[in-house]
Amino acid sequence: MQVDATKMQVDATKVRVNATKVRVDATKMQVNATKIQVNATKIQVDATKIQVDATKMQVDAGQETCVYTVALLRRELGRGIIYA
């Protein structure tokens, strides 16, 4: 009878060990999913930085166009071709 009780204890311990293994595996999967999410966020941040840089370049180009246009207008005004 004591042998049967010991076998039952061993079986119960095996079940607990397997349950712990399942929890460990689930935690590992969760960690991997979090790593993937972090990487996706990093990619999104990089894309946003690129977008910001592109916008800055557009603004700079627009400012250069304005400066050039103002210079042309001043030149033309100086010639008397355009009347204010």
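The values are calculated or read from the model by the stated rules, or taken from the named source; none is laboratory data. This structure is a prediction, so every number in the text was calculated from the model and none was measured. In this analysis, Cβ positions are derived from the backbone assuming ideal geometry, glycine residues included, and neighbour counts consider all displayed protein chains. Side chains included, ligands, DNA and RNA excluded: accessible areas come from the protein's heavy atoms. Shrake-Rupley method; radii C 1.70, N 1.55, O 1.52, S 1.80 Å.
So between D4 and A26, what do we pick up on full extension, going 0.36 nm a residue minus the alpha carbon distance? Working shown, then result.
Working: separation 22, 0.36 × 22 = 7.92 nm, distance 3.29 nm.
Taking D4 through A26 to full extension adds about 4.6 nm, to one decimal.
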**Message:** Please report the accessible area of M29 (heavy atoms, 1.4 Å probe, ligands and nucleic acids excluded) in Å², nearest 10.
**Reply:** 130
**Request:** Can you find, among V22, T34, T69, the residue farthest towards the positive end of the dipole of the chain? Put +1 on the C-beta of Lys and Arg, -1 on that of Asp and Glu.
**Result:** V22
**Request:** Could you please state how large a percent of the accessible area of the chain is carbon and sulfur, counting protein chains only and using a 1.4 Å probe?
**Result:** 64
**Request:** Keeping all protein chains in place, calculate the accessible area per residue for the chain (probe 1.4 angstrom), answer in Å².
**Result:** 93
**Request:** Quote to one decimal, in nm, the extra length available between C66 and V52 on full extension: 0.36 nm per residue of separation minus the C-alpha distance between them.
**Result:** 3.0 nm
**Request:** Quick one: plug the Kirkwood hydrodynamic radius of the chain (C-alpha pairs) into Stokes-Einstein at 25 °C, 0.890 mPa s, and report D in µm²/s.
**Result:** 124
